[in-house]
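The values are calculated or read from the model by the stated rules, or taken from the named source; none is laboratory data. All values reported here derive from a predicted model rather than from experimental measurement. Counting neighbours? That spans all protein chains shown, and the Cβs are built from the backbone with ideal geometry, glycine included.
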Amino acid sequence: MIRSMLRNQSHLDNHIVDYYYLLKKGPHPKPDKIAVIACINRLNRTIINLVRTNQVYDFNKTSHK
């Protein structure tokens, strides 16, 4: 799923993709597999939160950090 989000990033704004590139930049960039696993964890937490609160994903409402 994360790889699909990275491939289709030009079509939709997504804070998971932003988080991936945040991990890849910086003074100590993370390797690809570590960044992908971190994004999987973030996606999992996001989905659980959306289901519990009965909401639809909205990029404008998300925190981008």
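Quick notes on this structure:
- Pick from region 10-32, criterion over 11 Å from the mean Cα position of the chain (by Cα) and in a helix (DSSP H, G or I), ranking: farthest from ASN60 (Cα to Cα): ASP32
- Scanning region 12-32 for residues that are closer than 15 Å to MET1 by Cβ and of a type outside the set (Phe, Trp, Tyr) yields LEU12, ASN14, HIS15, ILE16, VAL17.
- Among all residues of region 37-59, there is at least one that is surrounded by 10 or more Cβ atoms within 10 Å (Cβ to Cβ), at pLDDT below 90, in a loop (DSSP other than H, G, I, E, B) and not aliphatic (A, V, I, L, M).
- Number of the exception - ARG7 against (1) loosely packed, with under 14 Cβ neighbours inside 10 Å; (2) under 8 Å from the mean Cα position of the chain (by Cα); (3) at pLDDT below 95: (2)
- Cβ-Cβ distances below 7 Å connect the following pairs, each with a first residue in region 24-53 that is farther than 18 Å from ASN14 by Cα, a second residue that is surrounded by 11 or more Cβ atoms within 10 Å (Cβ to Cβ) and among the basic types (Lys, Arg), and a separation of six or more residues or different chains: LYS30/LYS24.
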